[in-house]
Structure formats: structure tokens, C-alpha cells
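The structure under discussion appears below in the form of C-alpha cells.
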Amino acid sequence: MTIQFLLLIAGLTLILMGANWLVDGASSIAKKTGMSEFIIGLTIVGIGTSTPEMVVSFISSIQGKADMAIGNVVGSNIFNTLVILGITALICPLDITKASLKRDLPLNIGVTALLILLGMKGTIFGIGEDSLTRIDGLIMLLILVLYFRLLLKKPKKGSLEGNIQTQEDDSETTKVFSTGKSVVFILMGLTGLVIGGRLFVNSATEIAVFYNMSQKFIALTIMAAGTSLPELATSVVAAVKGRGQMAMGNVLGSNISNILLILGASAVINPLSFGSMSMIDLGVVMVAAIFMFTSAYTFKTYKLDRYEAAILLLMEAGYMTWLFMN
């Protein structure tokens with residue numbers, strides 16, 4: 001068991017080192033390409049840190065384990081919003097830009113609603129079964145492609161994204177590496193996050209089993225949070241380094257890609273049944289997405305502040321309490 005504790009520490013160390021490399025490499029790329037750190041967080045960092053969820057869901061879909069594929073994404077999105085954003089905003093209140101309010105936060109709500117409407121169409125509309133079909137998966141992947149095309153368009157001077165980039169350039173000094181070195185940092189960071197996350201989850205599970213913790217407890221706590229450790233580490237490191245936009249972009253990018261990319265591709269591989277999902281679980285995902293949007297208009301305008309961060313963490317505590325009671 002001593003070995004498992006050492007592996008646990010090694011996994012956590014790799015996660016923290018990987019997050020640091022990923023943030024530095026991504027920040028450098030943002031400076032060199034002229035893209036905002038928020039966009040880098042939405043794309044490179046957001047999808048990169050979703051690798052554990054992607055692996056788990058794809059393998060689960062191939063093996064016909066729809067419950068695991070869907071539960072992994074739904075649980076990760078809840079953890080991303082309520083815990084990761086909660087902790088990150090406690091460390092450093094996060095600015096919510098007008099571009100996010102106009103495009104990314106509404107899309108986060110939209111894709112969450114799409115997931116519920118497509119997955120629960122039998123319950124809601126009385127049409128067919130509660131499942132994601134291959135056609136549903138293709139629709140989700142098409143929406144993702146269109147979204148990324150919109151994100152990667154060169155912003156016009158004076159546009160919302162253009163103004164964001166200017167503000168970032170004026171407000172912080174980012175160390176710029178060569179393109180090759182930046183890419184190496186990003187790859188090293190993602191590798192550290194994936195390997196470290198795997199070590200952490202596996203050793204934590206072994207420790208839990210050794211101390212006779214129930215399989216349900218392990219699944220709801222260690223496994224659910226384990227695949228989101230890369231997002232947590234990356235967002236916290238970004239916040240500590242004063243790069244709140246990358247932290248916000250990371251969470252939004254992970255949530256959107258979890259639904260559109262991971263569940264979309266998983267459904268194309270093998271249709272996913274929503275038979276075990278409850279409207280409470282899906283409702284929590286939707287409430288969390290809506291709360292992110294409305295937080296721009298409460299307390300401090302256009303900011304996810306510490307009061308709202310505390311509310312997010314309380315919501316997670318309430319949801320976990322409900323899960324244990326049911």
C-alpha cells in the first residue's frame with residue numbers, strides 16, 4: 001500500500017508539472033499567433049485536457065457501455081463548472097468578456113440543451129427511445145466544426161475578440177518561446193496530465209478498495225473527479241499566474257468539446273442509450289451552464305467573483321448529497 005501512496009504523489013506531481021508546461025506553451029502560442037488566450041483555452045487547452053474523458057468514453061462506446069460513456073461526460077461537465085470554476089474563481093475572480101456573453105456562454109447552454117433534447121427525446125417528445133443515435137452524433141460533430149471555424153477566423157480590428165487580445169497584451173507579460181519549443185511544452189504538458197491523471201486515479205482507486213470503500217463511492221468521487229484533474233490543475237495554475245481568461249476558456253472548451261466531440265463521436269461509434277440517466281443529473285448540468293451566463297450580471301458586472309464561486313461549490317455539495325441519498 002506504501003507503493004500506492006507513492007504513485008498517488010507521483011501522479012499529482014506529474015499533473016501539476018504538466019499543467020504548468022501546458023499553460024506556458026499555450027500562452028506563448030497565443031502571443032506568437034495573435035490569438036487571445038481565451039481562444040487558446042477553448043481549443044488547444046480545452047480539448048487537450050479532455051483527453052482522459054475522450055479515452056474513457058470512446059472505449060466505453062466501443063464496448064457497448066453507454067452508461068459509462070454518458071455518465072463520464074455529464075459528471076465531468078458538472079465537476080468542471082461547479083468545482084473547477086468554483087475553486088479557480090476563489091483564487092482569482094474571473095472576468096467574463098462581452099465576446100463570451102455573445103458567443104461561448106450561450107453556446108455552452110445551447111449544446112447542453114441539445115444533449116438533453118436529443119438524448120431524452122423519448123421522455124420529452126415521446127419520439128423513439130432515450131438515446132443518442134449515429135445521426136445525432138453526426139449533427140453534434142458538424143456543430144463543433146462550424147464553431148471551430150468561427151473561433152479560428154481572424155478577428156477584425158476593433159472587434160470584441162480583437163479588443164480582448166489587445167487588453168491581454170497590455171495587461172500582462174507572457175514569456176514567448178520559439179514555435180517549436182512552445183509545441184514541445186504543450187505536448188509535454190498534455191503527456192504529463194494524461195499519465196499523471198491515470199496514475200492518480202488508479203492508485204486512489206486501489207487505496208479506496210484497500211480501505212473497503214464502496215464501489216459506488218469510488219465511482220462518484222475518485223473516478224468522476226479523476227478524469228477532470230487535468231482541467232482542474234490547468235485552470236488553477238492559469239489563475240495563479242494571472243491568466244484567468246485561459247482558465248475560463250479551458251472550462252468552456254472542455255464542456256463544449258465533451259458534449260459535441262466526445263459524445264458526438266461516441267454516438268457515431270455506437271448509439272448511446274440514456275436509459276440510466278435521470279432528469280436531475282441533466283438538469284444540474286443545465287443549471288450550471290445557465291449560472292455561468294447569469295453570473296456576469298450579478299454582484300460585480302462581467303465577473304465570476306468569489307461569492308459566486310462559493311455558490312458553485314455549495315451546488316456541488318448539494319448535488320453530491322442528493323446522489324448519496326439516492
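The values are calculated or read from the model by the stated rules, or taken from the named source; none is laboratory data. Since the model is a prediction, treat every value here as computed from it, not as a measurement. Cβ coordinates were reconstructed from backbone atoms using ideal geometry, including for glycine residues, and neighbour counts include every protein chain displayed.
In this entry, L85 is excluded by the filter for residues that are in a helix (DSSP H, G or I), over 23 Å from L144 (Cα atoms) and either among the β-branched types (V, I, T) or within 19 Å of the chain's Cα centre (by Cα) (or both). If only residues of region 96-129 that are buried (at least 20 other Cβ atoms within 10 Å of the Cβ) and among the polar types (S, T, N, Q) are counted, the one that is farthest from the chain's Cα centre (by Cα) is T97. Per the conditions (1) more than 17 Å from the chain's Cα centre (by Cα); (2) part of a helix (DSSP H, G or I); (3) at pLDDT below 75; (4) not polar (S, T, N, Q), the sole criterion not satisfied by G11 is (3).
Just to check your reading of the model, which residue among N250, N270 is closer than 21 Å to L107 by Cβ and out of contact with any strand residue (DSSP E or B) (no Cβ under 9 Å at 6 or more places or on another chain)? Going through N250, N270 in turn, the sole match is N250.
Note on region 273-298: among residues that are crowded, with 18+ Cβ neighbours inside 10 Å and either touching a strand residue (DSSP E or B) at 6+ places or on another chain (Cβ under 7 Å) or β-branched (V, I, T) (or both), the one that is nearest to S228 (Cα to Cα) is V285. Of all residues in region 287-326, how many are of a type in the set (F, W, Y) and over 22 Å from A113 (Cβ atoms)? Residues flagged as of a type in the set (F, W, Y) and over 22 Å from A113 (Cβ atoms) within region 287-326 amount to 4. Reported count of residues in region 275-326, each being in a loop (DSSP other than H, G, I, E, B), out of contact with any Gly (no Cβ under 8 Å at 6 or more places or on another chain) and within 30 Å of D67 (Cβ to Cβ), is 3.
Each residue in region 9-42 was checked for being surrounded by fewer than 21 Cβ atoms within 10 Å (Cβ to Cβ) and touching a Leu at 6+ places or on another chain (Cβ under 7 Å), and 1 of them qualify.
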